[in-house]
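No value in this document is a laboratory result; all are computed from the given coordinates. Bear in mind the structure is a predicted one, so any value in this text is a computation, not a measurement. Here the Cβ positions follow ideal geometry from the backbone for every residue, glycine too, while neighbour counts run over all protein chains shown.
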Amino acid sequence: MNSEANARRIAMVESCFGTSGQPLNEQGRVLVGEGVLTKMCRKKPKPRQFFLFNDILVYGNIVLNKKKYNKQHLIPLEEVQLSSLEDDGQFRNGWLIKTPTKSFAVYAATATEKSEWMAHINKCVSDLLRKSGKKAAENHAAVWVPDSDTNICMHCKKSQFTLINRRHHCRKCGKVVCGPCSSKKVILQHQSSKPLRVCLSCHDEISSAQTQPNDSSGNLSNNLKKPAHDNGGDDDDDDDDDDEEEEEGLKDRTNDSSGDDDSDEDTDDPSIQTHPSATEYLPTPFDVP
Ligand SMILES: [Zn+2]
Ligand SMILES: [Zn+2]
């Protein structure tokens, strides 16, 4: 392993995120691969730059291809679990990245890229778990159903979504539900220490698990403190957290590319066809221009 080259690559990633990112250079950290994946976001699929390190997965919005990224997200690999997705119409070569706090689908440009990514991530995860002796995380956050999948509440099946009647996501099952059908909150330990919005079905399920005598699972039983009803001051205009950021990211990109004089071939349409080839994801040597 050429550690100097590795340090240089990590410094490069760091500088591409600039002040919007965290320091990435840590003892023993290796950049294993990188590339563009299409991430299923709340409103639609969007291209995101991913960096696979041996201990974390980092991704961000593409402001300027291979030069500038922002909205950095950092996921400890130790708690990651992947599951492959069947091809479905335009959604091909996808898999789920599941973590205790957030789970989402990503899509690669080709089947080969998909298997490269999955194999490398899985190897990093199992290496980490073997070293630490920890067990794989068992509780993963639900994957959110995309907004566009439904115009009506998936719980009451009546309430129609409009500009005013907004969509909410149940943090337990990921369904899109209306306000009244998601007026309760519970503590989902692995996701947050704060009570989170859940749909009425999930609330009932958690409540009945709690009242089971001799419930030895322990998992759900003490999570249900008092389910806080929505008491006006809705602290979490929650559902937007990720995506409003992402929208901003896209705006940034537009602004940036307007004043850009060179190499903006990808900035107008960072489509998945422009992916670097799968071989670039392979460990060393990297094919960094
Ligand atoms: Zn409803
Ligand atoms: Zn639910």
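Could you give the spread of the C-alpha atoms of region 1-131 along their three principal axes, from largest to smallest, in whole angstroms?
Cα spread of region 1-131 along its principal axes, largest to smallest: 43, 37, 28 Å.
Stokes-Einstein D for region 87-217 at 10 °C, 1.306 mPa s, Kirkwood Rh over Cα pairs, in µm²/s?
The Stokes-Einstein estimate is 93 µm²/s.
Using Cα-only point scatterers and the Debye equation, what is log10 of I(q)/I(0) for region 1-43 at each q in 0.22 Å⁻¹, rounded to two decimals?
So the normalised log intensities work out to -0.81.
For SER182, SER207, what ranking results if the residue with the fewest other Cβ atoms within 10 Å of its Cβ goes first?
With the fewest neighbours first, SER182, SER207 line up as SER207, SER182.
What lysines sit close enough to LYS134 to cross-link, taking a C-alpha to C-alpha distance under 27 Å and skipping anything fewer than 8 places away on the same chain?
Reachable lysines: LYS98, LYS102, LYS114, LYS123, LYS172, LYS194.
Measure off 7 Å from each Cα along the Cα-to-Cβ vector at GLU14 and LEU200, then give the distance between these two points in nanometres to one decimal.
Simple spin-label model gives 5.3 nm for this pair.
Within 10 Å of each candidate Cβ there may be at most 15 other Cβ atoms; applying that plus a DSSP loop requirement, which GluC sites (Glu not before Pro) in region 38-90 survive?
Here the sparse-neighbourhood loop sites are GLU86.
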